[in-house]
1. Could you rank Ile40, Ile75 by how accessible they are, 1.4 Å probe, largest area first?
2. What are the membrane-span-like helices in the chain by this rule: whole DSSP H runs, Cα extent along the axis at least 27 Å, mean Kyte-Doolittle hydropathy at least -0.5?
3. Around Met215, which amide H atoms from residues at least 5 apart in sequence, or from another chain, sit under 5 Å from its own amide H, with H modelled in the peptide plane?
4. If every alpha-carbon in region 30-143 counts as one equal scatterer, what log10 I(q)/I(0) does Debye give at q = 0.13 1/Å?
5. Relative to a virtual label point 7 Å from the Cα of Ile49 in the Cα→beta-carbon direction, which members of region 84-119 show backbone nitrogen distances below 19 Å?
6. Would you be so kind as to identify which of Leu211, Val36, Ala180 lies farthest towards the positive end of the dipole of the chain, taking Lys and Arg as +1 and Asp and Glu as -1 on Cβ and the Cα centre as origin?
7. For Gln132, list long-range residues whose amide hydrogen, built 1.01 Å from N in the peptide plane, is under 5 Å from its own amide hydrogen.
8. Any chance you could run the full-extension gain for Ser196 through Val23? It's 0.36 nm times the residue separation minus the Cα-Cα distance, nm to one decimal.
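The values are calculated or read from the model by the stated rules, or taken from the named source; none is laboratory data. Bear in mind the structure is a predicted one, so any value in this text is a computation, not a measurement. Here the Cβ positions follow ideal geometry from the backbone for every residue, glycine too, while neighbour counts run over all protein chains shown. In case anyone asks, the SASA skips ligands and DNA or RNA and just uses the protein heavy atoms, side chains included. Shrake-Rupley method; radii C 1.70, N 1.55, O 1.52, S 1.80 Å.
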Amino acid sequence: MNGIAIGPFVFASDRLAAILGIVAFLILTAILARRVDRAIGPWSSWALIGGLAAARFGHVVLHWQNFRDEPWRAIAVWQGGFEPAAGFAGVLLVSVFYIRSFKAGAAAAAALGLGALVWAGAAQLTKATLGQPAPDMAFEQMDGALVALSTFAGKPAVVNLWASWCPPCRREMPLLAKTAAARTDVTFLFVNQGESAETIRAYLVGENLALDHVMLDPAMRLPRYYSAPGMPTTLFLRADGTLASLHMGEISKEALDTNIGKIAPSR
């Protein structure tokens, strides 16, 4: 299971697991605040805020090279990117100010434990289907020629599922185009979902984007094959065509580089 759609909302499996863990944590702390110690109530709110802020800060520090030229991306949390160890340190720091008794400390630890358990359990139940082989499909290119995915076998590939009407697709496209032009060890395939060649061509010209290997998937077969209900979705395929990792939603430079590192040898 690579993604989950709940009504109009689409969640990557790892993000849904994190949300479920946070919800379980907040429910238990609300109960414990009434029955054990009122201090657990404000502690839970600030622990969540402090933990998330510290986790994001830790991620930015670890990948400072990628944020140096675009410091505004430090607040682009929708791209993902959190460092768990830094987040845990943030929770401990908040706890120093709110937890004053052993009873409250034990209750807080139990709430954190439950949240972590639900998070880990949901992650296992919804984890991406890694190792899945590439499908035996052919897609029309912009010039009308049919090309099978197997044509690109033997070399790692990054496959981006996108559409020109999709705002996060448009935001991440310059990064993908720039990376594709800079790397010769990985093939980039841009598989458009449901749009005509004329619409795609107008978008690329209007945005001054030069992309190789643009393919049309009018029936949206590829996202169904990979159980990816939302866009953008970026697939990272090993040289043998098997799925090494998958990223749903707008991708950041550090996430792109990290996932390419899983399929391509170090340069």
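1. Final ranking, largest accessible area leading: Ile75, Ile40.
2. Length and hydropathy pass: 13-35, 40-62, 102-126.
3. Here Phe190, Val191, Asn192 satisfy the definition.
4. Per q value, in the given order, log10 I(q)/I(0) is -0.69.
5. Taking a point 7 Å out along Cα→Cβ of Ile49, the residues of region 84-119 whose backbone N falls under 19 Å are 87-100.
6. Val36
7. Amide H to amide H, under 5 Å and 5 or more residues apart or across chains, Gln132 pairs with Leu243.
8. Fully extending the segment from Ser196 to Val23 adds 58.1 nm.
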